[in-house]
C-alpha cells in the first residue's frame with residue numbers, strides 16, 4: 001500500500017475499528033477520517049499521537065516501515081551491535097555469521113542467510129584466509 005491514507009486504513013482494520021471509533025480516538029469527525037484514508041486530507045500530528053497511544057503503528061502510517069519490536073534485556077552495547085549488524089549488506093552479515101560460528105559454539109546463523117550458497121561459501125572461505 002502506498003501513501004499515508006491506505007496505511008492508516010490498514011492499521012484501523014488491523015485493530016478492528018470503524019472509521020467512527022478511529023476518528024473519535026483521534027478527535028476528528030468520521031468524514032475527516034474518511035478523507036484521511038482516501039488521501040484527501042493529511043492527518044495532524046496530535047491525531048496520530050492519539051492513535052499511537054491506542055496501538056496504531058504511527059511509524060508505519062508515516063513511512064511504510066513497521067516499528068521494530070523492543071529489544072528487552074539487551075545492554076546498550078548489545079543493542080548498538082545489533083543495530084549496526086542490521087545495516088550491513090547480506091554478504092557482510094554472512095561473513096560475520098561465519099566468523100561467530102568459528103569463534104563460538106552457540107552462534108546460530110539466521111534461517112534466511114544460511115546455509116550459504118556455494119558461491120557465498122567460497123567468498124567466505126577466501127575472505128577468512
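Structure data summary
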{"read-out": "Complete set of residues in segment 24-33 that are under 19 Å from residue 60 (Cβ atoms) and either free of Cβ contacts under 8 Å to residues at least 24 places away in the same chain or not in a helix (DSSP H, G or I) (or both)", "value": "33"}
{"read-out": "Matching residues, segment 34-48, being under 11 Å from residue 9 (Cα atoms), touching a helix residue (DSSP H, G or I) at 6+ places or on another chain (Cβ under 7 Å) and assigned to a helix (DSSP H, G or I)", "value": "34, 36, 37, 38"}
{"read-out": "Given (1) over 28 Å from residue 83 (Cβ atoms); (2) without any contact (Cβ under 8 Å) to a residue 40 or more places away in the chain, index of the condition residue 15 fails", "value": "(2)"}
{"read-out": "Residue list for segment 1-22, filter: in a helix (DSSP H, G or I) and under 17 Å from residue 62 (Cα atoms)", "value": "4, 5, 6, 7, 8, 9, 10, 11, 12, 13, 14, 22"}
{"read-out": "Odd one out for residue 56 among (1) surrounded by 10 or more Cβ atoms within 10 Å (Cβ to Cβ); (2) not in a helix (DSSP H, G or I); (3) not assigned by TED's automatic domain parsing to the domain that holds residue 9", "value": "(3)"}
{"read-out": "Pairs, first over 20 Å from residue 13 (Cα atoms) in segment 57-77, second at pLDDT below 85 and surrounded by 10 or more Cβ atoms within 10 Å (Cβ to Cβ), C-beta under 6 Å, six or more apart", "value": "71/79"}
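Condition check ((1) at pLDDT below 85; (2) loosely packed, with under 13 Cβ neighbours inside 10 Å) across all residues:
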position	(1), (2)
61	no, no
70	yes, yes
77	yes, yes
87	no, yes
90	no, yes
107	yes, no
115	yes, yes
118	yes, yes
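The values are calculated or read from the model by the stated rules, or taken from the named source; none is laboratory data. Predicted model, so just to flag it, every value in this text is computed and none were measured. Here Cβ is always computed from backbone atoms with ideal geometry, including for glycine, and neighbour counts include all displayed protein chains.
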